[in-house]
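Working notes, beginning with the structure itself.
Derivation of every value follows stated rules applied to the coordinates shown; laboratory data play no part. As the structure is a prediction and not an experimental result, all values here were calculated from the model. Positions of Cβ are generated from backbone atoms using ideal geometry, with glycine treated the same way; all protein chains shown enter the neighbour counts.
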Amino acid sequence: MKKIRIVGMCLSLFAIMSVAQEEGDGRLKNTISVGLTLTDGNSETMQANVSLVTAGEKDGLGSVRAGLEAHYGESAVGDRKDTTVENARLFANAKKTISPMTFASLDGALLYDAIADIDYRAVIAPGLGVYLVKDEQTSLFFEAGPAYVWEKVGGESEDYLALRFAERLEFRISQTSKLWQVLEYLPKADDVSSYLLNAELGAEAAMNARINLRLVLQNNYDSTPGDGLEKNDITLIAGISLSL
């Protein structure tokens with residue numbers, strides 16, 4: 001029941017923020033991205049990923065970024081078949097403008113990862129932030145605030161208060177290409193040696209008016225994973241994105 005409440009809460013957050021931005025702006029950009037890797041021969045492997053992101057901004061009002069991403073992979077040697085990747089993440093972040101360079105934010109995320117033995121990890125985090133740079137070519141912001149985490153990792157359920165520090169840099173190389181970098185740090189409020197660290201580095205370039213080539217490197221680090229599990233999970237994604 002607790003898991004169902006957490007899923008419902010995060011889904012509701014995603015829906016509310018998306019609808020609110022549509023009413024306030026009506027100029028949301030929807031992007032779907034897909035990637036697929038296959039090998040055949042002595043061994044067979046398959047890895048697929050898909051994401052759907054909705055984002056929009058209105059000067060003086062604020063912005064929203066929300067989406068869903070999923071990854072799945074398997075390998076087969078002879079009669080043995082193993083699942084190598086199986087995870088999904090729902091996320092949403094809304095910013096309300098306070099001044100041209102400051103904002104209040106609300107961030108939410110829900111993660112499932114079968115290989116890392118994460119049945120669920122839900123995070124809700126209000127905060128305050130500041131743009132260090134904001135112009136047509138470069139955007140760099142920093143936000144911080146409290147967070148609350150509900151999770152079931154390695155068969156053990158836990159909920160706790162944490163702190164959240166995040167920054168995002170986006171740089172437009174040209175009208176048709178960009179680079180971005182994201183870093184998020186969530187230490188426990190009562191034990192900073194226990195923390196989550198999420199990072200992303202990406203590049204995107206247009207093939208035509210609607211289709212882009214993209215390359216994304218993601219790194220998720222858990223300082224206290226489940227028994228027998230690695231602390232670090234790294235994913236490299238190559239694929240295309242389509243503006244809807």
³J(HN,Hα) computed for each position of the stretch 177-191 - Karplus, 6.51 cos²θ - 1.76 cosθ + 1.60, integer Hz, glycine/proline x: 8, 8, 10, 8, 8, 9, 9, 9, 10, 10, x, 5, 5, 9, 7
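Dipole of the stretch 2-243, Cα-centred, from +1 at each Lys and Arg C-beta and -1 at each Asp and Glu C-beta, to the nearest 20 debye? Write down the numbers at each step before the final one.
Values: 23 positive and 34 negative charges, 173 e Å.
Roughly 840 debye for the stretch 2-243.
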Rg(Cα)/(2.2 N^0.38 Å) for the chain, N = residue count: 1.05
Using the Karplus equation 6.51 cos²θ - 1.76 cosθ + 1.60 (θ = phi - 60°), what ³J(HN,Hα) coupling, rounded to whole Hz, does each residue of the stretch 33-48 give in order, writing x for Gly and Pro? 10, 9, x, 8, 10, 10, 10, 9, x, 5, 9, 10, 10, 8, 9, 10
Got a sec? Charge dipole of the chain, +1 on Cβ for Lys and Arg, -1 for Asp and Glu; which of Ala66, Val216, Val182 is way out at the positive end? Ala66
Can you list the lysines whose alpha carbon sits under 29 Å from that of Lys188, skipping same-chain ones fewer than 8 residues off? Lys2, Lys3, Lys95, Lys96, Lys152, Lys231
Alpha carbon centre of the stretch 108-154 versus the stretch 210-226: separation in Å? 13 Å
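With an 8 Å cut-off on Cα pairs and a minimum separation of 6 or more residues, tell me the relative contact order of the stretch 105-158 in percent. Don't skip to the answer; put the middle values down first.
Details: 103 pairs, mean separation 18.7, N = 54.
Computed over the stretch 105-158, the figure is 35 percent.
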